[in-house]
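Encoded as C-alpha cells, the structure appears first; notes follow it.
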C-alpha cells in the first residue's frame, strides 16, 4: 500500500473519531418536560427523581456488603440487612442543611424490615438486581484481576508446553494456525473498548442510565450506546465463529493455548484503550490498530491457499499436513 493511500486511510479514521466525539456530545436519553403535565407535586417529584437518578420507587437492589444498617423514623436503633438481601425502594426524601443536600432512600426487605439510608451509602454497597447490571458491576470491579488470571494461566500453560515439547518451538501469541476471526475479534474488542471509555469520559449520565436500566436489545438507545451494544454482540458472534474455525484446524491443546494467548492480548488491549481514551491518546491508538488489522486482513486474503485434495487451509505450498497430498 502506497504512502498516499496510508494517509488517506488515516484521514478517514481521524474523521471517524471526530464523528464519534460529536455523536457522544449529541446523544443522550431525552428528559421529558413535566411542567405541562397534570400531576401532583409528589408525582412530579417522583418522575423527576427517576429522570435524574435513573431509578425510582419499586426498584430492586441486591446488597453486596456483609451488613448494612437502616435507620428507622422515631427510633434510635437500626435495623440490619445482610449480604444478598434484596431491597425494594419505597420512598425518597431530600434533607437540606446549610452545607449539604443529602438524599435519603427508604428501602424494605420485607414488611417488618424497613428503614432509611443515605443514597450514596446504598449505591456503594449494593447493585441493581438485573443480571446485566450485576455483570457490569462485576466486570468493572475485577477486570484487572481477570487480566492477571488469564495472563497467569497463559504463562503457566506456555511453560508447561515448552517443558513438554522442548524440541518444538512454541509461538505464544501466534500458534501455527490461520484464523481470520481472531483479527476480527480484536477489532471488535478495540471498538467496544473505545466506545465504552468514550461514554465514561464524555457521556457518563447516559452510561449510568443504562447501568440502572440495561437491555441487550440495541434498539431504543442513543446512537453511540446502540453502536456499543452492536459491537458487544459482534464480539460474541465472532468468538463463536473463532472457536468453531479454530478447532477445525488444530487439536484441543493447541487451540486452548491459542485462546489463552488471544484472551490475554485482548484484555491487555482493552485496558490500554480504556485508560488512554481519557487522555485522547486512545483514539489514535484505536485508529492505528484498526487500520493495521484491516491492512493485515487484506494482505492475508491475497495469500490464502487451500489443499487441492481435502480443501483444508494451508500456510504454504507442498505436502498437506492433513491428508498428505502434494500441492504444487
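Coordinate-derived values only; no laboratory data. Only a predicted model underlies this, so the values are computations on that prediction, with no experimental measurement involved. Quick reminder, even Gly has a Cβ in these numbers, built from the backbone with ideal geometry, and neighbours come from all protein chains shown.
Assorted remarks:
- A full extension of the chain between residue 212 and residue 90 corresponds to an added length of 42.3 nm, given 0.36 nm per residue minus the alpha carbon distance.
- Rounded Å value of the spacing that divides the Cα centres of region 250-300 and region 108-130: 40 Å
- Length gained when the stretch residue 226-residue 200 is fully extended (0.36 nm per residue, less Cα-Cα span): 7.9 nm
- Modelled this way, with points 7 Å down the Cα-to-C-beta line, the labels at residue 236 and residue 278 are 2.9 nm from one another.
- Relative packing of peptides 182-189, 262-269, 233-240 - highest average C-beta neighbours within 10 Å first: 182-189, 262-269, 233-240
- Estimated distance in nm for a label pair at residue 118 and residue 45, the labels positioned 7 Å out from Cα along Cα-to-Cβ: 2.1 nm
- With R₀ fixed at 41 Å, the C-beta to C-beta distance from residue 253 to residue 295 puts the FRET efficiency at about 0.85.
- Packing-based ranking, highest mean first, of 137-150, 55-68 given that Cβ atoms within 10 Å are counted: 55-68, 137-150
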